[in-house]
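Shown next, in structure tokens, is the structure this report addresses.
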């Protein structure tokens, strides 16, 4: 068969029950559509939910599926899995789109499903692609029929459903996350496409180098659709040699797949997951990982001010007094990024990223303020001691305000042992990291003098902070 035959349409197949199968696939369709898996054995990836013995596979095989929501990046098999479930459960398959469909479309499908269930007993699976695109009112239309079992809902979304789908729908559905396919899984899928003469490219004489297939699998970033379509482009645009063999080498593969856009949405999981990885890499003292996540955000066009704000928080929370210059540099990088913008802002931001990742770490100030806040929030409040109260008004002295207050600068070392709280509490516990080691030495001396001035031994920290 020639490559031109790829675009020839087949005669209409014998009519089959549309309830158990999606529309017939012809060779005029893209390879990714033709090679859509027909059963769980053909499904690539997602072994964490579909391997033998896993919950979702058991539920599908036993026809015990309730409403489901699949979420994950494009090309991970959300739609294909919905088709497989419909076929396995012998249900009528109805598909709507969160982009194109409206309430009238939903009501029509739901009414048909109710009639079908009552008259024939056949269940309906309602697949809604990009369900997060429906607003709250549209999603609410589904609730009665989902709860009564008129339809079994399968929603697909690239956004975290706990943030983008109504809570009532989420509570009535099982949530499954589909992950990007690994390089090995994509490589096996590409090999299968080359070997399948019925639905794949096996009707052509193709010789594909392993390095070429590995490149497609790696650059596709876990997206099966992108990998398969790139393979098809390579096969259809490469002239056969005199023996009629289409040779796909690494260079051909590189030309056949466009640079993968970074999976990054400005308000979804990728946005928050990436900044989370960035902060945790700096906290964990790994400058290389931190620079990679920073590069991903830069490439995706993230707002530099968002990045630098998070860096300032990390400098205060995770580096703290072990290296006070971290917050100074983070603040300077924030202002520098505001002044220059991308792409030059990458330089000061990278500088402070490396500085914080390699700095001594201490979260003592962070823990201290949270401990103090806990006392205040939980009602363990203290009155201001008389000697610390304001004296800048007439009558303050008559009330005893400021009496016996000692001015620290009048004493040697600019320190005087004095009670500043009216209770024996200790929130700040300095570490021996970096600069904070010297702070600890000074503070221990001062606290010892204060304890002596109180005329009592200090209680253990855990006991002091009890209400």
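The values are calculated or read from the model by the stated rules, or taken from the named source; none is laboratory data. None of these values were measured; they are calculated from a predicted model. We place every Cβ from the backbone using ideal geometry, glycine too, and count neighbours over all the protein chains shown.
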| message | Can you name every one of the helices (runs of 4 or more DSSP H) wholly within segment 298-401 that holds 1 or more residues which are more than 20 Å from residue 272 (Cα to Cα) and touching a residue at least 12 places away in the same chain (Cβ under 8 Å)? | response | 325-340, 346-358, 364-377
| note | In segment 47-65, residues that are surrounded by 13 or more Cβ atoms within 10 Å (Cβ to Cβ) and assigned to a loop (DSSP other than H, G, I, E, B) total 2
| task | Return a yes/no flag: does segment 376-386 have any residue that is farther than 18 Å from residue 452 by Cβ, surrounded by 12 or more Cβ atoms within 10 Å (Cβ to Cβ), modelled with pLDDT of 70 or more and in contact with a helix residue (DSSP H, G or I) (Cβ under 7 Å, 6 or more places away or on another chain). | result | no
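Every residue, every condition in (1) at pLDDT 90 or above; (2) within 26 Å of the chain's Cα centre (by Cα); (3) under 30 Å from residue 298 (Cβ atoms), yes or no:
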site	(1), (2), (3)
191	yes, no, no
203	no, no, no
206	yes, no, no
224	yes, yes, yes
| request: Six or more apart or on different chains, Cβ under 6 Å: which pairs go from a residue in segment 219-232 that's on the phi > 0 side of the Ramachandran plot to one that's buried (at least 20 other Cβ atoms within 10 Å of the Cβ)? Could you list them? | output: 222/181
| Condition met for residue 110 (modelled with pLDDT of 90 or more, within 32 Å of the chain's Cα centre (by Cα) and outside the structural domain of residue 187 (by TED's automatic domain parsing)) | no
| message | I need the full set of residues from segment 126-141 which are under 27 Å from the mean Cα position of the chain (by Cα) and in a helix (DSSP H, G or I), in order please. | response | 131, 132, 133, 136, 137, 138, 139, 140
| Does segment 77-93 include one or more residues that are at negative phi, in a strand (DSSP E or B), at pLDDT below 90 and crowded, with 20+ Cβ neighbours inside 10 Å? | yes
